[in-house]
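Here's the structure we're looking at; comments come further down.
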There are 4 protein chains.
Amino acid sequence: MSDVFDHPWLGDLFGDAEGRAIWSPDRQLQHLLRIEAALTRAMGAAGTVETAEDTAAGIETAGIDTDALSAATRRDGLPIPELVRQLHAGAQTPEAIHTGATSQDILDTALALTLKETNVLIERRLDGLSTALAALGRTFGNESLMARTRMQAAVPTTVGQRLDSWSAPLPRHAARLSALRPQVEALQLGGAVGDRAAFGDAGDRIAAEMARRLELTDAPCWHTSRDSLAAWAALCAGIAGSLGKMGQDIALMAQQGVDEIALTGGGGSSAMPHKQNPVTAELLVTLARYAAGQSALMHQALVHEQERSGAAWMLEWMVLPGLAQATLRSLSAATDLCARIERIG
Amino acid sequence: MSDVFDHPWLGDLFGDAEGRAIWSPDRQLQHLLRIEAALTRAMGAAGTVETAEDTAAGIETAGIDTDALSAATRRDGLPIPELVRQLHAGAQTPEAIHTGATSQDILDTALALTLKETNVLIERRLDGLSTALAALGRTFGNESLMARTRMQAAVPTTVGQRLDSWSAPLPRHAARLSALRPQVEALQLGGAVGDRAAFGDAGDRIAAEMARRLELTDAPCWHTSRDSLAAWAALCAGIAGSLGKMGQDIALMAQQGVDEIALTGGGGSSAMPHKQNPVTAELLVTLARYAAGQSALMHQALVHEQERSGAAWMLEWMVLPGLAQATLRSLSAATDLCARIERIG
Amino acid sequence: MSDVFDHPWLGDLFGDAEGRAIWSPDRQLQHLLRIEAALTRAMGAAGTVETAEDTAAGIETAGIDTDALSAATRRDGLPIPELVRQLHAGAQTPEAIHTGATSQDILDTALALTLKETNVLIERRLDGLSTALAALGRTFGNESLMARTRMQAAVPTTVGQRLDSWSAPLPRHAARLSALRPQVEALQLGGAVGDRAAFGDAGDRIAAEMARRLELTDAPCWHTSRDSLAAWAALCAGIAGSLGKMGQDIALMAQQGVDEIALTGGGGSSAMPHKQNPVTAELLVTLARYAAGQSALMHQALVHEQERSGAAWMLEWMVLPGLAQATLRSLSAATDLCARIERIG
Amino acid sequence: MSDVFDHPWLGDLFGDAEGRAIWSPDRQLQHLLRIEAALTRAMGAAGTVETAEDTAAGIETAGIDTDALSAATRRDGLPIPELVRQLHAGAQTPEAIHTGATSQDILDTALALTLKETNVLIERRLDGLSTALAALGRTFGNESLMARTRMQAAVPTTVGQRLDSWSAPLPRHAARLSALRPQVEALQLGGAVGDRAAFGDAGDRIAAEMARRLELTDAPCWHTSRDSLAAWAALCAGIAGSLGKMGQDIALMAQQGVDEIALTGGGGSSAMPHKQNPVTAELLVTLARYAAGQSALMHQALVHEQERSGAAWMLEWMVLPGLAQATLRSLSAATDLCARIERIG
């Protein structure tokens, strides 16, 4: 069934176009070239290379042979050596390209750019969901609802209380994201082993200029300290998990016999045309459990040995795209679901 | 960075063409049509529908509008209602299509076909790897090797003993797979709620005929009992995990100062041209950890409530394609790695 | 709240006395002494040591200073060096004790004895649960029950079909366990690095005799090939997962408004005396999710580097006791729950 | 082998006395009584009960029959109904005890007290480790060390850079903990379904007074919003994960042939007396992987349905004690390890 996010017919169920675009290979390649160009310009500004502007412009418009990139990636474990080779081949001053940097600098910084775009979208969607829940509260908040504890009818409460339990975590998630953003939207520049040694005494100036151009935090080298990435993954799982609770509640409310909610646009069945399945509510549960599992692997990847762990680092590449897209989708699905609530309580 | 298996330049590092083809949407669509056609023919053979052969032939050659499939899947949570609608629209006797079945029958049976193809490839690759390890044993088995326990030099042993620790699990994995194959390569046919009621008393005959045509096990309805799928996932994680041990060993042996192995074709570095990185060995560790995490989610999905859990079922769709491809790749990567060993011990 | 299995008031909720006894430190210490004695006797039979019977009898009745064991374990990472030191101190022929073996031989073999006791109990409980479910089927199997798919009422079916979905996995789990038992109930004897070198040419005879005395499989050295242990962990998660489905179903059936089941002896509430909470049903879901998570860690532990990985091995020690006890408890809880069903359908 | 934290000889390897005391049943029972007493006093201050001080004093000194607690917990799924019954039986004004509260209020607030004690200890240990690493930096920071990327020798760097990669995450973890503390060290008081309805209009005043007496945050009801607990679990896994990297590095540095570190007090072997195993370094890796797995389960538990999920809540009880103790131990083990470094580089 292949990857559910890029899938021709599952893709818009499990993911969405905005999330896919941010995490697409095309966008990543743009980031890689933008970063190499920023490095060249920053070295130019620091006076360590010449003809920086011409070279940088050439990088930005370079046509990349992705077949060659693929063959080399299989061998090298990453695309940068071949990407740099292609950039060097098309440049008049190849020494102005990538000099002093290492593959991880480019790939980690590209990840920072991707996370920044993701974070902006998460923030916007958290806002949108809060707004949608608040609107539900205004419409249905005073309706009566049977509270249920341990799956059993307890005593009556209001719809507003149930809605509060869905919206309460959202500002906390937003605050956590706000605190994490500068840590994960951070330039990585370290050179071969993380000490910026190949830049001589210009390393910190080059890093500051790159960060300024890329609109990233000018941070010390973080190539082996992946704690902020793991914290970000946990935050994603936290968001998806909170929405999984909302989804589970709605799926339970939609049961015949409970009948505490009416949804429009529910899923059809091939065998039972009378049914209206609460597919989006179930999806929220699915995405929550998926995100919890992927976040765990990001924490396994914290055991990132020495100055670069190929094994731990590649595990991040396997896990992050799906985790991010699942989180984004859980937010859009939850908001969609709010709009499809015709009655609650 | 999107899905690593279908990625334009990461795809041949983390996956391979054979695995990708088996798990591709195109192949899945072929399975779906093949299954609907087999159902129609089986109903024809049981005498419950007419013009079965013409209708089945029409199904097999139907052109499917995947855009419409995508839009409907987002709403319905699965593609079958819309697929059936399209098939019905193009058929003279729509009542001969899908009658008595439900979406899960078609999708679970398609999964069984996909798993069968995967299993054949796993078996072939387990064989290939055993052969490769045996060849290494003949060449290097009597060489001396410092055994290491708890990362410390212990006492000398032979290369053969280390190789044995890599190959010992393989026949056990093969035997486990052999025992599992009939359980996961099993027809699912239950109708709306799993009792084959809509087929009247012809249900078991129709199932038997479908299983015969599809070369699957003729099994009782398994739509809510996912234990065999979870066992299969665990076996995948077991295989990838055993090869992760081999990968970790090789990465450790390749360290300067230890120097117990020489590899050709190691990965190049953009900053340190002198390096030969044991990328494939590291990849085996990555795939092992990834597979362990995905297998856990398949076990979370065992809590598959009532007669169909949308939430638990969709989690399987998110997890299985990557788990299968990672397992297949771990086998091909391990075999590649054997071929690149120039010296060991 | 400390460990839930040994807890003064949570212990009989999450665990039970039989499981606790099997996995207790006292029982483990008995196994360690029994194994050292069997080794001594086996060496005696092979003629490599003298006064074996007297020495073995002394081992079996030795009083062990567990405070000293604790202090040494903190330093050495395992208790065997200190245990052997104490045994040597009390023996007339210390050279007849532990000679040729290593710590892992004793600890892994003790694990095999523990797993054997666990497996016997799992088998017995699987049988008991099957019997209980069959009895429910005889009483209630023909009652009507509304099938539910995706949390929605579908079409009526029978209680028997729902019961079948609970019992169907049990014989498959029993068959998997039967196939695994000889693989995990296997003697480990390898010596320092797994080659039995210190026993000279008597190694295989000593191993065979030990296995015979301990009623374990006489297997080749498996100290670094943990695939059977991981498969066992997955089987535990499979069993607990299948019962988690049953628990989730029952919790859903017990909802007011659904009312498809009546249970006696449900849990009381401190705030709502009218409530009868389906605690045991919920517990099955809890144990299922817990077991899935612990099984994942056993698969992470497959990356067991070189001839002994302290890191991966210690992870097994952290995970296995809880996983085993949760699995055993899920079986007893499911059987208890069957006995408390007054009405179903 | 039972729980490793409370184990007679494994307990001081995997845990320590301070962590054990915080998470012990005895300490939890003290918290439960302290909370019931605080509730009684707060109700007295609010004027909703009489003779509050006498009753509260009686609660604090009550002797609890833990056998009865155990039997009731097995039935009720939690100890509070029986605890309250015992308190009521011994009180002259039972209506002044527990009135208006529910079991979850008491247990969640007790967890908050336990987390507060844990957090204080984590903070102290983070400080201690930072100090120890800084001291190593002063002694060895300028020594040369071969940087290793992808397990291969790269180019020389300094010991200081490696030490920086170990200490860099610590202030970030401390800042995250500082932000989380008020969220997890928060009073839970909601009554039967979370609306404080049984307290009439005195609910918020009673909560404020309880929080003041217990030195917890006076927070809105959080019984179904477990996001802060999951974030705390992730932070634990983040801390243990960062220290797992340090442990893995040290185990690799201690290899013969690499020889970049000399440790005292390493673990002895029963078969190879010449060995000094880097047990504590390995333990850090073990604890990191364990914590990652347990944190994942806390995220699975975010799907906490309706006004109280027995299933999700009980999963927290299974997971948190081990996760907390593993995290505490990883900090003390890392600090111990620093003290045992005789040479580095």
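The values are calculated or read from the model by the stated rules, or taken from the named source; none is laboratory data. Only a predicted model underlies this, so the values are computations on that prediction, with no experimental measurement involved. Every residue, glycine among them, receives a Cβ derived from its backbone with ideal geometry; neighbour counts consider all protein chains shown.
Okay, here's what the table says:
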read-out: Some residue of region D:307-323 being without any contact (Cβ under 8 Å) to a residue 60 or more places away in the chain, more than 27 Å from D:Gly11 (Cα to Cα) and out of contact with any Ser or Thr (no Cβ under 7 Å at 6 or more places or on another chain); value: no
read-out: Number of positions in region C:279-324 that are hydroxyl-bearing (Ser, Thr, Tyr) and under 20 Å from C:Thr118 (Cα atoms); value: 2
read-out: Hey, A:Leu133 closer than 24 Å to A:Glu215 by Cβ, at pLDDT 95 or above and out of contact with any Asp or Glu (no Cβ under 6 Å at 6 or more places or on another chain) or not; value: no
read-out: The lone exception for D:His304 - which of (1) within 8 Å of chain A (Cβ to nearest Cβ); (2) touching an Asp or Glu at 6+ places or on another chain (Cβ under 6 Å) it fails; value: (2)
read-out: Flag if C:Ala219 is of a type outside the set (Ser, Thr, Tyr) and over 26 Å from B:Ala301 (Cα atoms); value: yes
read-out: Enumeration of residues in region C:26-48 that are more than 14 Å from every other protein chain (Cβ to nearest Cβ) and either assigned to a loop (DSSP other than H, G, I, E, B) or polar (S, T, N, Q) (or both); value: C:Thr40, C:Gly47, C:Thr48
read-out: Check on B:Leu33, of a type outside the set (Lys, Arg), crowded, with 24+ Cβ neighbours inside 10 Å and under 27 Å from the mean Cα position of the chain (by Cα); value: no
read-out: Members of region C:109-130 found to be touching a His at 6+ places or on another chain (Cβ under 6 Å) and either modelled with pLDDT under 95 or not small (Gly, Ala, Ser) (or both), listed by number; value: C:Leu113
read-out: Index of the failed condition, D:Thr73 passing every other in (1) surrounded by 21 or more Cβ atoms within 10 Å (Cβ to Cβ); (2) of a type in the set (Ser, Thr, Tyr); (3) touching a residue at least 12 places away in the same chain (Cβ under 8 Å); value: (3)
read-out: Filter pass, D:Arg75 being modelled with pLDDT under 95 and more than 21 Å from D:Leu180 (Cβ to Cβ); value: yes
read-out: Subset of region B:82-93 that is assigned to a helix (DSSP H, G or I) and either at pLDDT below 95 or more than 7 Å from chain A (Cβ to nearest Cβ) (or both) - its residue that is surrounded by the most Cβ atoms within 10 Å (Cβ to Cβ); value: B:Leu83
read-out: Counted residues, region C:49-81 - those being among the aliphatic types (A, V, I, L, M), within 13 Å of D:Gly11 (Cα to Cα) and in a helix (DSSP H, G or I); value: 4
read-out: So D:His98, is it more than 23 Å from the chain's Cα centre (by Cα), modelled with pLDDT of 95 or more, within 13 Å of another protein chain (Cβ to nearest Cβ) and not in a helix (DSSP H, G or I); value: yes
read-out: From C:Glu282, C:Glu305, residue being of a type in the set (Asp, Glu), surrounded by 24 or more Cβ atoms within 10 Å (Cβ to Cβ) and in a helix (DSSP H, G or I); value: C:Glu282
read-out: Lone unmet requirement of (1) out of contact with any Asp or Glu (no Cβ under 7 Å at 6 or more places or on another chain); (2) without any contact (Cβ under 8 Å) to a residue 40 or more places away in the chain for A:Gln248; value: (1)
read-out: Complete set of residues in region C:169-208 that are more than 30 Å from B:His299 (Cβ to Cβ), away from chain B (no Cβ under 11 Å) and surrounded by 21 or more Cβ atoms within 10 Å (Cβ to Cβ); value: C:Leu189, C:Phe199, C:Ile206, C:Ala207
read-out: Residues of region A:308-344 satisfying the condition of being surrounded by 24 or more Cβ atoms within 10 Å (Cβ to Cβ), more than 15 Å from the chain's Cα centre (by Cα) and among the hydroxyl-bearing types (Ser, Thr, Tyr); value: A:Ser309
read-out: Residues (within 17 Å of D:Leu115 (Cβ to Cβ) and assigned to a helix (DSSP H, G or I)) located in region D:14-25; value: D:Glu18, D:Gly19, D:Arg20, D:Ala21, D:Ile22, D:Pro25
read-out: Filtered residues of region B:242-256 (kept if assigned to a helix (DSSP H, G or I) and either more than 12 Å from D:Arg150 (Cα to Cα) or more than 10 Å from chain A (Cβ to nearest Cβ) (or both)); value: B:Ser242, B:Leu243, B:Gly244, B:Lys245, B:Met246, B:Gly247, B:Asp249, B:Ile250, B:Leu252, B:Met253
read-out: Test: A:Leu229 is crowded, with 22+ Cβ neighbours inside 10 Å and more than 14 Å from chain D (Cβ to nearest Cβ); value: no
read-out: In region A:257-288, the residues that are of a type in the set (Gly, Ala, Ser) and more than 7 Å from chain B (Cβ to nearest Cβ); value: A:Gly257, A:Ala262, A:Gly266, A:Ala281, A:Ala288
read-out: Residue in region A:105-112 that is part of a loop (DSSP other than H, G, I, E, B) and polar (S, T, N, Q) present; value: no
